[in-house]
Amino acid sequence: MPYKLGKHPPVVDSRTLRFANYLAATLPAPPASVNYGAKVPEWPMYYNNEYGDCTCAAAGHMIQNWTANAGAEVTPPQASVLTFYEHFVGTPPPSDAGCDMLSVLKYWRSAGLDAQPIEGFAALDLKNQTQAQNAVYLTGSIYIGVALPNFAVQGDMLTVPWVVPPGGPVGDAAPNPNNGHCIPAVAYDAAGLTVVTWGEAKSMSWGFFDAYADEAFAVVSKNFIERTGETPAGFSLASLEADLAQL
């Protein structure tokens, strides 16, 4: 089965908020493992085998994940995800147009995907595994962009292990911005993250995340917020919303 990519290189905006600024100073260490994705029985392809809509497919998968863990899963229809993607590339969508993650996040916050908006988002510090773990634990998932190495886009891309080869991220294993892809992480453990791509859950080692992630965001949705109005612990949603209101 063919698979598409579609993430454009990161867009730098000095106004983008930083996740680290909203963590409590007394935040305890994140749990050794978290698996929110286990509550989702099936992940749709969301047309990412036909179009370079990975940035929008990932948003659909995150909605599934949040709502499944809040009690009743909401699976955005495939057509809604395609319409969301067409906002960025036009109708009918070119097969490989793609778009950037920051534009998707901003539009998702203002317009919603299938009537499911987000409250806000904040960028993670790359190569910071503890911060990535906290982001998954506190917000339910993280929105990750990777510059895949050439070896990862050969043959059946879904079956290629997402681990760094013994020689390191050089040569054919170097990050390639032309192979941009977007995936949400919905679980982690000592070995790495579990991400959703091309309608399947896939393992990504921590080494692969460190070597190839070129952007990552914590995304806050009320679908994941507890009835008290707070995220599980240690994350200041009120401060994030106040800062977003100033942008």
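The values are calculated or read from the model by the stated rules, or taken from the named source; none is laboratory data. Fair warning: this is a prediction, and the values are worked out from it, not measured in the lab. Every residue, glycine among them, receives a Cβ derived from its backbone with ideal geometry; neighbour counts consider all protein chains shown. Only protein heavy atoms, including side chains, enter the accessible area calculation; ligands, DNA and RNA are left aside. Shrake-Rupley method; radii C 1.70, N 1.55, O 1.52, S 1.80 Å.
Placing a pseudo-label 7 Å from each Cα along the Cα-to-Cβ vector at ASN178 and LYS222 gives an inter-label distance of 4.5 nm. Taking 24 Å as the cut-off for C-alpha to C-alpha distance, list the pairs among LYS39/LYS127; LYS7/LYS106; LYS127/LYS222 that go past it. Those over the limit are LYS39/LYS127; LYS127/LYS222. Solvent-accessible surface of the chain, taken per residue with a 1.4 Å probe and all protein chains present: 42 Å².
Averaged over residues, the count of other Cβ atoms within 10 Å places the peptides 100-109, 139-148 in the sequence 139-148, 100-109, highest first.
Among ALA187, ALA24, ALA201, the residue with the largest mean-square fluctuation in a Gaussian network model of the chain, with springs joining Cα atoms closer than 10 Å, is ALA24. Panel note: the C-alpha atoms of the chain, placed on their principal axes, show extents of 47, 43, 38 Å (largest first). Within the chain, antiparallel bridges make up roughly 90 percent of the DSSP beta bridges whose residues both belong there.
Proximity of backbone amide H atoms, modeled 1.01 Å from N, is registered between SER221 and GLU119 at under 5 Å, excluding neighbours fewer than 5 places apart on the same chain.
For ASP214, nonlocal amide neighbours, meaning residues 5 or more places apart or on other chains whose placed amide H falls under 5 Å from its own, are GLY145, VAL146, ALA147. Restricting the GluC sites (Glu not before Pro) of the stretch 139-243 to loop positions (DSSP other than H, G, I, E, B) with no more than 15 neighbouring Cβ atoms within 10 Å leaves GLU226, GLU230.
The dipole here belongs to the stretch 30-149: it is taken about the Cα centre, uses +1 on the Cβ of Lys and Arg and -1 on the Cβ of Asp and Glu, and is about 340 debye.
One decimal place: the segment VAL153-ALA190 gains 10.8 nm when fully extended, by the rule 0.36 nm per residue minus the C-alpha distance.
Share of carbon and sulfur in the accessible area of the stretch 53-129 stands at 49%, probe radius 1.4 Å. Computed over the chain, the per-residue total of -39500 (n - 2.57) for DSSP H runs of n ≥ 4 gives a 222 nm mean residue ellipticity of -8000 deg cm²/dmol, rounded to 500. Could you give the distance between the Cα centres of the stretch 5-53 and the stretch 109-156, to the whole Å? So the two Cα centres are separated by 2 Å. Give the Rg/Rh ratio for the stretch 110-185, taking Rg as the radius of gyration of the Cα atoms and Rh as the Kirkwood radius, to two decimals. Rg/Rh: 1.04. First measure r as the distance between the Cβ atoms of SER110 and VAL170, then evaluate 1/(1 + (r/R0)^6) with R0 = 30 Å and state the FRET efficiency to the nearest 0.05. About 0.15, to the nearest 0.05. Computed from the C-beta positions of ASP96 and ALA201, the FRET efficiency with R₀ = 30 Å rounds to 0.75. Whole-Hz Karplus values for the stretch 197-210 come out as 8, 6, x, 9, 7, 9, 7, 10, 5, 4, x, 5, 4, 5 Hz, taken residue by residue from phi with 6.51 cos²θ - 1.76 cosθ + 1.60 and θ = phi - 60°; glycine and proline positions read x.
Placing R0 at 22 angstrom, the Cβ-Cβ distance between ALA25 and ALA242 gives a FRET efficiency of 0.75 after rounding to 0.05. Peptides 42-51, 8-17, ordered by how many other C-beta atoms sit within 10 Å of their residues on average, highest first, read 42-51, 8-17.
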